[in-house]
Amino acid sequence: MDYLHLRDDEPVRWDEDLGVWLVTGFREVSDLLRHPSLSAAWPEQGRTTLHTPDAGKDGDGSRTAELVRRWFMFIDNPAHADARKIVAPLFSTERLAAARPFVEGLVDELLAPERDVLDVMDDLAVPLSSRVICHILGLPEDIAPRLAVWAPDIAALLVADYLPQVITRGYQALHEVTAAVDEALRGEVPEESGLWLLREAHRRGEIELQDVWATASLLIYAGFETTSTFIGKAVRAALHAGAWDEVLRAEPAVAVEELLRFDTSVQQVARFAAAPVEVAGRHIAAGDLVLLMLGAANRDAAVFDDPEHLRPGREIKRHLTFGYGVHYCLGAALARLEAEVALQRLGSRWDTIEEAAAPVTRSHYGLTVLEHLTVRGGTRNGA
């Protein structure tokens, strides 16, 4: 629920401190996500005042790492579409239907130990999302625990790459990711897995080796970080709203959409103005950096009735959690699948669930990270 205070201002405003545009209105964010003059290649060109070399800050003004700049979420068409289509088969309706038994079996395994107290993050969300994305990509299962180590350093590199220590740790994490990918590629890669698709595209001369590393690292990071975070946030939101029973009674897909709207994992995405843009009476100049605040837009009262309240049965036409337009999240359906199964199975594990301790969060270079969410399960009659 970060950045919700920004809704009190205009839907499009200039932030003098950062030297960026902040956009919080649902319609404005939707329009700009599809605007042809806004480029997704902000790591290549976008700057804030913190990245200006002569601003008295650490860093030389460069943005993130070359490997990250190759992520297809940070490039524009036609290169974006070409890179995306290579791994798109991983997330087809047929492939995800085939993956459902694996996800269900994994959740059952994680919830199997006899206990009354469970950490939703450590015992469910983190191992679930890490093992699922390794399975989809064809990475060995023993790589999965390392994702939780790599992800925070890569996340910091995306938001605080003006700090030398962030650059050092982020580059090290990416180096370890690519080393793990290389080692897996030297072995027997499961046919039709993510690594298999990337290796075949490289063999056909469609992409360079650096693109294999880039796309693999993107899917490893995004497939783990955003989904594990969302599962934790979803359980926390339902418990805090006193709506856990409503979540379980609602149609699973409907409940997940409302939970996605209510507190998204990715609070903002950036765009670089390649040409002037007019929106909501404001003039965005060529060269400006624009932050599109997805979380705040999902609470826009002009679009969602009573947006501050979690309503598990709410029928939602569209939210912005997974973006909009050509850069709509490729793994959205997988995230939905994992969340649906996790919530349903957690609800079946006990009759009642309550927080056993206050959620543990920490600030990580401007990002609020949910580290622990300990819950206690019981029966209706207390037996």
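Values for this structure:
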| read-out | value |
| --- | --- |
| Calculated diffusion of the range 124-198, Stokes-Einstein form, Kirkwood radius summed over Cα pairs, 20 °C and 1.002 mPa s, µm²/s | 163 |
| Accessible surface of PHE72 - all protein chains present, 1.4 Å probe, nearest 10 Å² | 10 |
| Which label in (1) 19.5, 59; (2) 21.0, 70; (3) 20.8, 66 gives the computed Rg and Dmax of the Cα atoms in Å | (3) |
| Percent accessible area from carbon and sulfur atoms, the range 176-241, protein chains only, probe 1.4 Å | 45 |
| Accessible area, probe 1.4 Å, largest first, for residues TYR365, TYR162 | TYR365, TYR162 |
| Mean separation of Cα contacts under 8 Å, 6 or more apart, over the residue count of the range 109-236: relative contact order % | 35 |
| The range 258-326-the range 19-41 distance, computed between alpha-carbon centres (Å) | 9 |
| Computed [θ] at 222 nm, deg cm²/dmol, the chain (DSSP H ≥ 4; -39,500 (n - 2.57); rounded to nearest 500) | -14500 deg cm²/dmol |
| LYS85, LYS317, reordered so the largest accessible area comes first (probe 1.4 Å) | LYS317, LYS85 |
| Heavy-atom SASA rank of VAL247, VAL369 (probe 1.4 Å, accessible area, largest first) | VAL369, VAL247 |
| Point-charge dipole on Cβ atoms (K/R +1, D/E -1) for the chain, about Cα centre, debye to 20 | 480 |
| Where the chain is the region considered: accessible area per residue in Å², 1.4 Å probe | 44 |
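The values are calculated or read from the model by the stated rules, or taken from the named source; none is laboratory data. All values derive from a computational prediction rather than experimental measurement. Cβ atoms come from the backbone with ideal geometry, glycine included; neighbour counts cover every protein chain shown. Please note that ligands, DNA and RNA were not included when accessible areas were found on the heavy atoms of the full protein model with its side chains. Shrake-Rupley method; radii C 1.70, N 1.55, O 1.52, S 1.80 Å.
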